[in-house]
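The values are calculated or read from the model by the stated rules, or taken from the named source; none is laboratory data. Predicted, not measured: the structure shown is a model, and the values here were computed from it. Virtual Cβ from ideal backbone geometry, glycine too; neighbours counted across all protein chains shown. Side chains are part of the model used for accessible areas, which takes the heavy atoms of the whole protein and leaves out ligands, DNA and RNA. Shrake-Rupley method; radii C 1.70, N 1.55, O 1.52, S 1.80 Å.
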Amino acid sequence: MRNFLRALRFAWPYRYRVLVSVACAVLAAVFWSLNFTAIYPVLKIIGSGDNLQTWIENTITKTAALIEPSQKKIADLNQEEIKVKLMPPGEARDTLLRKKTAELAQEESKLESARTALYWYQVLKRYIDKIFPIDRFNTLAMVIGLVVLGVAIKGFFEFWQESLVGNVVNLSLYDIRNRFYRKALHLDVNNFSQNGTHELMARFTNDTELLGTGIKTLLGKVVAEPLRALGCVAIACWISWQLTLMFLVLVPFALYILTRVGRSMKRATRRLLERMSTIYKILQESFVGIRIVKAFTNEANERRRFQSATKEYYNKAMLVVNLDALAGPVIEVLGVAAVAGALLVGAHLVLGGGGGTHLGPIRLTDTPLEAESLLQLYALLAAIADPVRKLSSVFTRIQSGFAAADRIFQYLDQQPKVRQNNTGPVLRRHQESIEFRDVCFSYDPGHPILTGIDLTVRHGETIALVGKNGCGKSTMLGLLPRFYDPDHGSVLIDGIDLRVANLRSLRQQVALVTQDTVLFDQTIFNNIAYGNKWSVPEDVERAARQAHAHDIITKLPQGYQTMAGEAGVKLSGGQKQRIAMARALLRDPSILILDEFTSQADAEAEMEVHRILREFMRGRTTFVITHRLNTLEIADRIVVLDAGRIVAVGTHAELLQSCGVYQRLHEAQFQRLAA
Ligand SMILES: Nc1ncnc2c1ncn2[C@@H]1O[C@H](COP(=O)(O)OP(=O)(O)O)[C@@H](O)[C@H]1O
Ligand SMILES: [Mg+2]
């Protein structure tokens, strides 16, 4: 609920459109309910032999005839009251006086209403005389024509209302999506690896859509339908408020049922959306890993997994459909029962039961009800059924919107642990040292990944990180661009704790080349210039040459302007890596992180890469994660990690001498190369 209201705030900038749409809804409701009043004249014209002119004249005479006797009665009552006042004081006099005063008040109100009615009938007569033809058929045709015109005008306003609401909703969704995306980009890196991207995908597409439906229902139907019902109720009240009230007692009951259904709906929708996330997950996994799926001929298993997910989605969807479908008929039965009740009572009055005005002891109307009025009333009450039925789905839709809003805001409310620190000290090109000071880190509390890491790296050094898979090498270097912060201890660059440094300036110092190279679906040029908006072609080409990617790129159909999406399939892993390398070189970082980036390069390419590296590493601090001997040789120092701890630091020769872990790693590597 709260989150849905927050989502509604996105519609605030467009409030004037909402206001206009409400005005349109009011006008549409007015014309809609007015159309039903045509029944009365139609019945009159067809039922009695009169045309409208004679009918209004008769009515005026009848009403006027009420006035004189009423006045006389009031005069009599006044006389009697005076007499009673003259009686000796006491219990009897007081009772009589009260009775007379009550009678007088009643008669006076009767006179008053007769006078008002007479006035309005006279006004009506003036219009009837002016507008309607004498001929009965022509009059009827005219009334019908007016109804058609009324429907057209109503339709016009309805169109504008819906269009405006749709406009506001889509603009709001546009804002919500963009705000959400902005937020998502700032979430912690771990968030993505822990929750998977499918959750976010589902929230961006499915949930947002459902939230939109909720808002649209609220601004559209919730405004328009009650107004329509209200219009009918108002006119029905004018005919007989007592009978209308009898009809309306069922409203709270209906509301109760609807809220119950709505609550189940919210729960059902939440489950439905969760299932959708699962479907996204399976789709993503199997499509991204399509080669693996095929190579392991696992299509049937994937199909079954998908089928079971869609089956569950189907079950939840059916629950939602049934709840949605249930509300309508329940409300309709209630509505018809209420109309039937009111109709029965009305018929009782029309047929002369209870003196035409009373149901048992309860007075229902001042004057006996005409058959035409009753039918008119019935038509109006029946007409209410339509907006009410439409309102029944409103509850469920809005509840779905609630569920979706909860899921979206759950993300929007997440505060990234890694803050931007826009006001923090700005890191310049690092000059002195990078220091890991007693760093401990864990992804999940209780499962430490890094423990007591102490390491000081001088500016310009090349550090190689070695260790078994999963010992925490990537995790350790992820601390440098602050993908996450240490739980204990700190990482300092030139003496500045990264936690307080300006994050943007920090990341500008660091370039990262990883094992799995990501090329974005843009031109190769833009992929190299990624993150360096103002690079000129010469710079990009120089970087590409340095990374030995220039020859590869010029062989592509459109050279630097080839889209990476098309080129992606034509490039080998090693070739892609060189483009990624060019991207890093162009950024001219003072700290370079290479995470198993040569793992895809063949021996020859590796040699080349090393040549580039040697050149490029000058004046920068470089961290390489690798198992390759050649790479280890260009490192100034090698850091051996085991189970999240640094077990030894030294040169290749030193470590071979003294470090058991390193020896074993080296042997394994050597055996692999020999094999
Ligand atoms: N995002 C993550 N969430 C939870 N655990 C993780 C995450 N990334 C890595 N790990 C765990 O942390 C340990 C170290 O991983 P990593 O630093 O990638 O190892 P290496 O790069 O040395 O092979 C592994 O046991 C891995 O399972
Ligand atoms: Mg790794």
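Within the stretch 487-504, the presence of a residue that is among the small types (Gly, Ala, Ser), out of contact with any Cys (no Cβ under 6 Å at 6 or more places or on another chain) and within 10 Å of ligand 1 (Cβ to nearest atom) is excluded.
Every condition in (1) in contact with a Gly (Cβ under 9 Å, 6 or more places away or on another chain); (2) within 26 Å of Phe180 (Cα to Cα) is met by Thr208 except one, and the failing one is (1). With respect to the conditions (1) in a loop (DSSP other than H, G, I, E, B); (2) in the same structural domain as Gly644 (by TED's automatic domain parsing), Val418 lacks only one, and its number is (2). Screening Ile408 against (1) open to solvent by less than 10 Å² (accessible area, probe 1.4 Å); (2) outside any loop (DSSP other than H, G, I, E, B); (3) more than 16 Å from ligand 1 (Cβ to nearest atom); (4) closer than 22 Å to Ile634 by Cβ leaves a single unmet condition, (4). Do we find that Thr213 is under 25 Å from Ala11 (Cβ atoms) and polar (S, T, N, Q) in this structure? Spelling it out, Thr213 is indeed under 25 Å from Ala11 (Cβ atoms) and polar (S, T, N, Q).
When Thr139 is tested against (1) of a type outside the set (Asp, Glu); (2) buried (at least 16 other Cβ atoms within 10 Å of the Cβ); (3) not assigned by TED's automatic domain parsing to the domain that holds Ser373, only condition (3) is not met.
Number of residues in the stretch 27-46 that are farther than 19 Å from Lys154 by Cβ and either of a type in the set (D, E, K, R) or open to solvent by 50 Å² or more (accessible area, probe 1.4 Å) (or both): the value is 3.
Among the residues of the stretch 107-122, at least one is under 20 Å from Ala371 (Cα atoms) and open to solvent by 50 Å² or more (accessible area, probe 1.4 Å).
With respect to the stated conditions, Leu512 is within 16 Å of ligand 1 (Cβ to nearest atom), surrounded by 18 or more Cβ atoms within 10 Å (Cβ to Cβ) and closer than 30 Å to Gln558 by Cβ.
One line per residue, one yes/no per condition, for (1) assigned to a helix (DSSP H, G or I); (2) in the same structural domain as Ser392 (by TED's automatic domain parsing); (3) over 20 Å from the mean Cα position of the chain (by Cα); (4) at pLDDT below 90:
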residue: Leu243; (1), (2), (3), (4): yes, yes, yes, yes
residue: Leu258; (1), (2), (3), (4): yes, yes, yes, yes
residue: Ser264; (1), (2), (3), (4): yes, yes, no, yes
residue: Arg303; (1), (2), (3), (4): yes, yes, yes, no
residue: Met318; (1), (2), (3), (4): yes, yes, yes, no
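Picking from residues in the stretch 470-483 that are closer than 15 Å to Asn190 by Cα and either charged (D, E, K, R) or part of a loop (DSSP other than H, G, I, E, B) (or both), the one that is farthest from ligand 2 (Cβ to nearest atom) is Arg482. Restricting attention to the stretch 420-464 and to residues that are among the acidic types (Asp, Glu) and open to solvent by 70 Å² or more (accessible area, probe 1.4 Å), the residue that is nearest to ligand 2 (Cβ to nearest atom) turns out to be Asp444. Screening the candidates Ala184, Ala224, Ala229, Ala202 for the property of being surrounded by fewer than 21 Cβ atoms within 10 Å (Cβ to Cβ), touching a residue at least 60 places away in the same chain (Cβ under 8 Å) and part of a helix (DSSP H, G or I) yields one hit, Ala184. Evaluate the stretch 545-556: report whether one residue or more is in the same structural domain as Arg628 (by TED's automatic domain parsing), open to solvent by less than 20 Å² (accessible area, probe 1.4 Å), within 40 Å of the chain's Cα centre (by Cα) and under 30 Å from Ile290 (Cβ atoms). The answer is no; no qualifying residue exists.
Got at least one residue in the stretch 532-539 being without any contact (Cβ under 8 Å) to a residue 60 or more places away in the chain, closer than 17 Å to Leu586 by Cβ and open to solvent by less than 20 Å² (accessible area, probe 1.4 Å)?
No, because not a single residue in the stretch 532-539 is without any contact (Cβ under 8 Å) to a residue 60 or more places away in the chain, closer than 17 Å to Leu586 by Cβ and open to solvent by less than 20 Å² (accessible area, probe 1.4 Å).
Evaluate the following for Thr462: is it within 30 Å of Ala668 (Cα to Cα) and either more than 16 Å from ligand 1 (Cβ to nearest atom) or free of Cβ contacts under 8 Å to residues at least 24 places away in the same chain (or both)? Judged against the criteria, Thr462 is a match.
Residue under question is Arg504, and the condition is that it be among the charged types (D, E, K, R), open to solvent by 10 Å² or more (accessible area, probe 1.4 Å) and more than 16 Å from ligand 2 (Cβ to nearest atom); does it hold? Criteria met by Arg504. Does Leu492 meet the test of being in a helix (DSSP H, G or I) and under 21 Å from Gly619 (Cβ atoms)? No; evaluated as a whole, the condition is false for this residue.
Could you tell me whether Gly467 is crowded, with 17+ Cβ neighbours inside 10 Å, within 16 Å of ligand 2 (Cβ to nearest atom) and over 22 Å from Gln509 (Cα atoms)? Criteria met by Gly467.
Among the numbered conditions (1) part of a loop (DSSP other than H, G, I, E, B); (2) without any contact (Cβ under 8 Å) to a residue 60 or more places away in the chain; (3) touching a helix residue (DSSP H, G or I) at 6+ places or on another chain (Cβ under 8 Å), the only one that Thr517 does not meet is (2).
With respect to the conditions (1) open to solvent by less than 50 Å² (accessible area, probe 1.4 Å); (2) under 16 Å from Thr462 (Cα atoms), Gly644 lacks only one, and its number is (2).
Could you list all residues from the stretch 447-459 that are outside any strand (DSSP E or B) and within 12 Å of ligand 1 (Cβ to nearest atom)? Let's see the steps before the verdict.
Applying the first criterion (outside any strand (DSSP E or B)) to the stretch 447-459 yields 447, 459.
Once the filter is applied, which keeps residues that are outside any strand (DSSP E or B) and within 12 Å of ligand 1 (Cβ to nearest atom), the stretch 447-459 yields only His447.
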